[in-house]
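Below you'll find the structure, written out as structure tokens, and then a few comments.
The values are calculated or read from the model by the stated rules, or taken from the named source; none is laboratory data. Please read all numbers here as calculations on a predicted model, not as lab measurements. Positions of Cβ are backbone-derived with ideal geometry, glycine not excepted, and every protein chain shown enters the neighbour counts. Just the protein is used for accessible areas: all its heavy atoms, side chains included, with ligands, DNA and RNA removed. Shrake-Rupley method; radii C 1.70, N 1.55, O 1.52, S 1.80 Å.
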Amino acid sequence: RANEIGIPVVGHVPRRMRATVASELGMRSMEHLFGVLPGCSSGRDRFFDNLGDVYSLAAIIENDPLLRVLDEGRCRELLTVLATNGTWQVPTLVNSHAMTTFADTTIFSDPRLPLMGPARRASWERAVSFWRSNTTTEGWQLFEDLKQRRLEIVRMMAEAGVPLLAGSDVANPFSFYGAGLHDELGLFVEAGLSPLEALQTATLNPARFLSATDSLGTLETGKLADLVLLDANPLQDIRNVRHPRAVVLNGEFLNRSFLDSLLSHVTEALSSAAR
């Protein structure tokens, strides 16, 4: 129906639908590799044949070793469909990475936590406590296997010409406001993208996705001057995106001292709200 009236469809691939079917129907973008992860596995057919009304992807994969095995032939066929149809992918690798860290007793010393607010931190603590109480040694290895699988699929996507966008699925456990994007860019590089390609998933590619390259996406005369100025070159090390010296927003220059004052104000306000 959306095709008939000219509305683009983005979001999650339905649980019972193969990613190839969603792509052929014209889905504009897909989140979290839903449909793609099982579609690239040796157990693909069994996965879709056995899928019930409600499922836990982790539970199904844990009980079916074939779903952990990447079938490169099937995956390349799937990625060719996505590339041919221009179906954008938002992998949110930061989520699968976060799951591999929950057993780490130091994660709650992350200096970014005060910016999340007490209610958010409490919800994260409950989630991490649940996974620590209910995850076996094999389960932690499963999370690591799934992270590596996702990284490999994203590398193959880049090679196949599948268009990619950065996303952080913010507010899920240890997906931070703002900084989650920095984490995602780092994971794109870990997957095999160059630092330039990773940066483009958050700059040029969104402009392309929105058909807004006339005003966004590159530094050119006449385009909107929404800029981040960094202390060091991110093309040499993608981690340099974590160190902005200044921001230009809506024509206003915000220097480092002003940015620090904003962060201090937010931290103080959240701390006061918690008391």
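When the Kirkwood hydrodynamic radius is evaluated over all pairs of different C-alpha atoms of segment 144-275, what value in angstrom, to one decimal, is obtained?
16.6 Å
Which value, in Å², gives the accessible area per residue of segment 170-275 when a 1.4 Å probe is used on the protein heavy atoms?
60 Å²
Using only protein heavy atoms and a 1.4 Å probe, report how much of Ser123 is accessible, in Å² to the nearest 10.
Ignoring ligands and nucleic acids, Ser123 comes out at about 30 Å².
Might you work out the accessible area of Ile7 for me, using a 1.4 Å probe with all protein chains in place, and round it to the nearest 10 Å²?
Counting only protein heavy atoms, Ile7 exposes about 90 Å² to solvent.
Which Cα, out of Thr136, His97, Pro111, lies furthest along the positive dipole direction of segment 74-147 (beta carbon charges, K/R +1, D/E -1)?
Pro111
Could you look at the chain and say what percent of its accessible area is carbon and sulfur, using a 1.4 Å probe and all protein chains? Could the numbers behind the result be given before it?
Values: 8020 of 14700 Å².
On the chain, the fraction of accessible area on carbon and sulfur atoms equals 55 percent.
Provide the gained length on full extension for the span Ala2 to Arg239, in nm with one decimal, where the gain is 0.36 nm per separating residue minus the Cα-Cα distance.
Taking Ala2 through Arg239 to full extension adds about 81.3 nm, to one decimal.
If you scale each eigenvalue of the Cα gyration tensor by 5 and take the root, what three semi-axes come out for the chain, rounded to whole angstrom and sorted largest first?
Details: eigenvalues 208, 141, 57 Å².
Computed over the chain, the values are 32, 27, 17 Å.
Using 0.36 nm per residue, how much length does the chain from Leu263 to Ala122 gain when fully extended, once their Cα-Cα distance is taken away? Provide the component values of the computation, followed by the final result.
On the way: separation 141, 0.36 × 141 = 50.76 nm, distance 2.04 nm.
Stretched fully, the Leu263-Ala122 segment lengthens by 48.7 nm.
Mind checking the dipole of the chain: about its Cα centre, +1 per Lys or Arg Cβ, -1 per Asp or Glu Cβ, Debye to the nearest 20?
380 debye
What number in nm² do you get for segment 86-150 if you take the convex hull of its Cα atoms and divide its surface by four?
For the Cα atoms of segment 86-150, the hull's average projected area reads 5.8 nm².
Once you compute Rg and the Kirkwood Rh from C-alpha atoms, what is the Rg to Rh ratio for segment 122-191?
Rounded to two decimals, Rg/Rh equals 1.04.
What does the extension gain come out to for Asn255 and His12, with contour length at 0.36 nm per residue minus their alpha carbon separation?
Length difference between fully extended and current span is 83.6 nm.
Can you give the FRET efficiency for Ala160 and Lys223, using 1/(1 + (r/R0)^6), R0 = 25 Å, r = Cβ-Cβ distance, to the nearest 0.05?
After rounding, the FRET efficiency stands at 0.25.
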